[in-house]
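The values are calculated or read from the model by the stated rules, or taken from the named source; none is laboratory data. Here the structure is a predicted model, which means the values were calculated and not measured. Virtual Cβ from ideal backbone geometry, glycine too; neighbours counted across all protein chains shown. Accessible surface areas use protein heavy atoms only, side chains included; no ligands, DNA or RNA. Shrake-Rupley method; radii C 1.70, N 1.55, O 1.52, S 1.80 Å.
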Amino acid sequence: MKDPVIHFHRGDLPDDVQFSNVIGVDTETMGLNLYRDPLCVVQLSDGDGEAHVVQLDRQTYDAPNLKAVLGDQSRIKIFHYARFDVAVIRQYLDTECTPVYCTRTVSRLVRTYTDRHGLRECCRDLLRVDINKQQQSTDWGAEDLSDAQLLYAATDVLHLHKLKAKMDMMLERAGRTELAQKCFDFIPVRAELDALGWGSQDLFEH
Ligand code: MN
(Lines give C-alpha, C1' and ligand atoms only; values in the text may rest on other atoms or scores of the structure.)
Protein backbone atom coordinates (compact mmCIF):
# COMPACT_ATOMS: atom_id res chain seq x y z
CA MET A 1 0.00 0.00 0.00
CA LYS A 2 1.31 3.46 -0.83
CA ASP A 3 2.03 5.96 1.91
CA PRO A 4 -1.02 7.89 3.11
CA VAL A 5 -1.26 11.62 2.44
CA ILE A 6 -1.95 13.39 5.72
CA HIS A 7 -3.30 16.94 5.85
CA PHE A 8 -2.92 18.53 9.28
CA HIS A 9 -5.16 21.45 10.30
CA ARG A 10 -5.19 23.53 13.46
CA GLY A 11 -8.60 24.56 14.78
CA ASP A 12 -10.81 23.69 11.82
CA LEU A 13 -10.95 22.27 8.31
CA PRO A 14 -10.01 24.82 5.65
CA ASP A 15 -12.83 26.42 3.66
CA ASP A 16 -11.98 24.70 0.39
CA VAL A 17 -11.76 21.04 1.44
CA GLN A 18 -14.29 18.76 -0.28
CA PHE A 19 -15.64 15.43 0.91
CA SER A 20 -17.77 12.77 -0.75
CA ASN A 21 -21.06 11.53 0.68
CA VAL A 22 -19.44 8.73 2.72
CA ILE A 23 -16.72 9.82 5.14
CA GLY A 24 -14.59 7.80 7.53
CA VAL A 25 -14.37 9.61 10.88
CA ASP A 26 -12.57 9.04 14.19
CA THR A 27 -11.85 11.13 17.28
CA GLU A 28 -9.02 11.25 19.78
CA THR A 29 -9.71 12.40 23.33
CA MET A 30 -7.77 12.70 26.59
CA GLY A 31 -9.42 9.47 27.76
CA LEU A 32 -12.63 7.49 27.75
CA ASN A 33 -14.66 9.56 30.24
CA LEU A 34 -17.01 11.75 28.21
CA TYR A 35 -17.11 14.63 30.71
CA ARG A 36 -13.63 14.48 32.19
CA ASP A 37 -11.61 13.92 29.03
CA PRO A 38 -11.91 16.57 26.33
CA LEU A 39 -11.96 15.98 22.59
CA CYS A 40 -8.58 16.82 21.07
CA VAL A 41 -8.52 15.63 17.45
CA VAL A 42 -11.00 14.68 14.72
CA GLN A 43 -9.81 12.73 11.68
CA LEU A 44 -11.64 12.35 8.37
CA SER A 45 -11.03 10.43 5.16
CA ASP A 46 -12.78 9.86 1.86
CA GLY A 47 -11.21 6.41 1.65
CA ASP A 48 -8.84 7.57 -1.09
CA GLY A 49 -5.60 7.18 0.88
CA GLU A 50 -5.76 10.75 2.20
CA ALA A 51 -6.67 11.85 5.71
CA HIS A 52 -7.47 15.22 7.26
CA VAL A 53 -6.41 15.52 10.88
CA VAL A 54 -7.96 18.47 12.74
CA GLN A 55 -6.46 19.50 16.07
CA LEU A 56 -9.18 21.38 17.92
CA ASP A 57 -8.93 24.49 20.08
CA ARG A 58 -10.10 23.10 23.40
CA GLN A 59 -10.99 26.55 24.75
CA THR A 60 -13.50 27.43 22.05
CA TYR A 61 -14.19 24.36 19.88
CA ASP A 62 -14.85 26.94 17.22
CA ALA A 63 -14.76 24.79 14.08
CA PRO A 64 -17.64 25.74 11.76
CA ASN A 65 -16.34 23.89 8.69
CA LEU A 66 -15.77 20.66 10.58
CA LYS A 67 -19.15 20.89 12.27
CA ALA A 68 -20.84 21.49 8.91
CA VAL A 69 -19.30 18.32 7.44
CA LEU A 70 -20.04 16.16 10.50
CA GLY A 71 -23.57 17.50 10.85
CA ASP A 72 -24.44 17.14 7.16
CA GLN A 73 -27.40 14.73 7.12
CA SER A 74 -26.71 13.82 3.49
CA ARG A 75 -23.35 12.22 4.32
CA ILE A 76 -22.86 8.84 6.00
CA LYS A 77 -20.15 8.93 8.66
CA ILE A 78 -18.31 5.62 9.11
CA PHE A 79 -16.91 5.06 12.61
CA HIS A 80 -15.41 2.16 14.45
CA TYR A 81 -17.42 2.25 17.70
CA ALA A 82 -19.70 5.14 16.77
CA ARG A 83 -21.35 5.01 20.18
CA PHE A 84 -18.41 6.82 21.74
CA ASP A 85 -17.55 9.19 18.88
CA VAL A 86 -21.17 10.32 18.45
CA ALA A 87 -21.36 11.15 22.16
CA VAL A 88 -18.03 13.01 22.13
CA ILE A 89 -18.91 15.01 19.02
CA ARG A 90 -22.26 15.94 20.51
CA GLN A 91 -20.68 16.90 23.83
CA TYR A 92 -17.80 19.05 22.54
CA LEU A 93 -18.87 20.18 19.07
CA ASP A 94 -22.59 20.41 19.80
CA THR A 95 -23.16 18.54 16.54
CA GLU A 96 -25.42 15.60 15.73
CA CYS A 97 -23.26 13.58 13.34
CA THR A 98 -25.91 11.35 11.81
CA PRO A 99 -26.42 9.17 9.79
CA VAL A 100 -23.72 6.76 10.96
CA TYR A 101 -22.29 3.38 9.96
CA CYS A 102 -20.39 1.54 12.69
CA THR A 103 -17.82 -1.06 11.67
CA ARG A 104 -17.58 -2.35 15.25
CA THR A 105 -21.32 -2.95 15.37
CA VAL A 106 -21.15 -4.80 12.06
CA SER A 107 -18.23 -6.83 13.34
CA ARG A 108 -20.46 -7.91 16.24
CA LEU A 109 -23.21 -8.86 13.79
CA VAL A 110 -21.14 -10.83 11.29
CA ARG A 111 -17.88 -11.88 12.94
CA THR A 112 -19.70 -14.07 15.45
CA TYR A 113 -16.79 -16.52 15.35
CA THR A 114 -14.65 -14.23 17.51
CA ASP A 115 -14.95 -11.87 20.47
CA ARG A 116 -12.16 -9.61 19.17
CA HIS A 117 -13.82 -6.62 17.53
CA GLY A 118 -11.07 -4.00 17.63
CA LEU A 119 -10.26 -2.02 14.49
CA ARG A 120 -6.91 -3.78 14.33
CA GLU A 121 -8.50 -7.24 14.38
CA CYS A 122 -11.11 -6.24 11.79
CA CYS A 123 -8.47 -4.84 9.43
CA ARG A 124 -6.26 -7.88 9.82
CA ASP A 125 -9.06 -10.40 9.45
CA LEU A 126 -11.06 -8.79 6.64
CA LEU A 127 -8.52 -6.69 4.73
CA ARG A 128 -5.22 -8.44 5.50
CA VAL A 129 -3.93 -5.05 6.60
CA ASP A 130 -1.82 -4.72 9.74
CA ILE A 131 -2.41 -1.40 11.45
CA ASN A 132 -0.18 -0.19 14.24
CA LYS A 133 -1.95 0.71 17.49
CA GLN A 134 1.20 1.73 19.36
CA GLN A 135 0.18 5.37 19.73
CA GLN A 136 -3.22 4.48 21.20
CA SER A 137 -2.18 5.54 24.70
CA THR A 138 -0.58 8.85 23.93
CA ASP A 139 -1.04 12.48 24.99
CA TRP A 140 -3.51 13.84 22.45
CA GLY A 141 -3.56 17.13 24.36
CA ALA A 142 0.01 17.95 23.35
CA GLU A 143 0.51 21.34 21.70
CA ASP A 144 2.54 19.77 18.90
CA LEU A 145 1.46 16.32 17.80
CA SER A 146 4.33 14.07 16.70
CA ASP A 147 4.57 12.52 13.24
CA ALA A 148 3.85 9.16 14.85
CA GLN A 149 0.66 10.54 16.41
CA LEU A 150 -0.48 12.04 13.10
CA LEU A 151 0.15 8.78 11.28
CA TYR A 152 -1.70 6.86 13.97
CA ALA A 153 -4.66 9.24 13.87
CA ALA A 154 -4.80 9.07 10.07
CA THR A 155 -4.50 5.28 9.99
CA ASP A 156 -7.65 4.96 12.08
CA VAL A 157 -9.74 6.45 9.26
CA LEU A 158 -7.90 5.27 6.13
CA HIS A 159 -9.38 1.75 6.01
CA LEU A 160 -12.98 2.39 7.06
CA HIS A 161 -14.37 2.53 3.50
CA LYS A 162 -12.76 -0.78 2.55
CA LEU A 163 -14.01 -2.32 5.78
CA LYS A 164 -17.51 -1.06 5.05
CA ALA A 165 -17.45 -2.57 1.55
CA LYS A 166 -16.35 -5.95 2.88
CA MET A 167 -18.76 -5.79 5.80
CA ASP A 168 -21.69 -4.85 3.57
CA MET A 169 -21.12 -8.09 1.68
CA MET A 170 -20.93 -10.08 4.91
CA LEU A 171 -24.15 -8.48 6.18
CA GLU A 172 -25.86 -9.37 2.91
CA ARG A 173 -24.63 -12.95 3.16
CA ALA A 174 -25.91 -13.21 6.73
CA GLY A 175 -29.25 -11.55 5.91
CA ARG A 176 -28.54 -8.87 8.51
CA THR A 177 -28.32 -5.70 6.40
CA GLU A 178 -31.59 -4.28 7.71
CA LEU A 179 -30.79 -5.29 11.27
CA ALA A 180 -27.48 -3.45 11.00
CA GLN A 181 -29.25 -0.33 9.74
CA LYS A 182 -31.65 -0.46 12.69
CA CYS A 183 -28.64 -0.71 15.01
CA PHE A 184 -26.98 2.29 13.34
CA ASP A 185 -30.17 4.30 13.69
CA PHE A 186 -30.24 3.50 17.41
CA ILE A 187 -26.61 4.49 18.09
CA PRO A 188 -27.35 8.22 18.68
CA VAL A 189 -29.96 7.15 21.26
CA ARG A 190 -27.49 4.75 22.86
CA ALA A 191 -24.95 7.60 23.02
CA GLU A 192 -27.55 9.84 24.64
CA LEU A 193 -28.28 7.19 27.27
CA ASP A 194 -24.53 7.01 27.97
CA ALA A 195 -24.42 10.76 28.42
CA LEU A 196 -27.45 10.72 30.75
CA GLY A 197 -25.97 8.08 33.06
CA TRP A 198 -27.31 4.80 31.67
CA GLY A 199 -23.89 3.93 30.27
CA SER A 200 -23.23 0.53 31.78
CA GLN A 201 -26.87 -0.55 32.06
CA ASP A 202 -28.97 -2.47 29.58
CA LEU A 203 -32.20 -0.51 29.62
CA PHE A 204 -34.07 -3.43 28.06
CA GLU A 205 -33.00 -6.01 30.60
CA HIS A 206 -35.65 -7.39 32.95
MN1 MN B 1 -8.49 6.52 16.95
Could you tally up the Lys pairs in the chain with alpha carbons closer than 23 Å? Skip any pair fewer than 8 positions apart unless they're on separate chains. 16
State the antiparallel share, in %, of DSSP beta bridges confined to the range 29-101, rounding to the nearest 5. 75 percent
To the nearest 20 debye, what charge dipole does the chain have about its Cα centre, counting +1 at the Cβ of each Lys and Arg and -1 at the Cβ of each Asp and Glu? 920 debye
Of the accessible area of the range 19-124, computed with a 1.4 Å probe and all protein chains kept, carbon and sulfur make up a percent value of 45 percent
At 1.306 mPa s and 10 °C, plugging the Kirkwood radius over alpha-carbon pairs of the chain into Stokes-Einstein gives what diffusion coefficient in µm²/s? 91 µm²/s
Mind giving me the FRET efficiency for Ser74 and Leu196? R0 is 22 Å, r the Cβ-Cβ distance, nearest 0.05 is fine. 0.20
Computed, not fitted: 222 nm per-residue ellipticity of the chain from DSSP H runs ≥ 4 (each -39500 (n - 2.57)), nearest 500, equal to -11000 deg cm²/dmol
In sequence order, what are the phi-derived ³J(HN,Hα) couplings for the range 187-199 according to the Karplus relation 6.51 cos²θ - 1.76 cosθ + 1.60 with θ = phi - 60°, rounded to whole Hz, with x for glycine and proline? 4, x, 5, 4, 5, 5, 4, 4, 5, 8, x, 9, x
Rounded to whole Å², per residue accessible area for the range 142-203 with a 1.4 Å probe reads 56 Å²
For the chain, calculate the relative contact order in percent as a whole number, restricting contacts to Cα pairs under 8 Å that are 6 or more residues apart. 24 percent
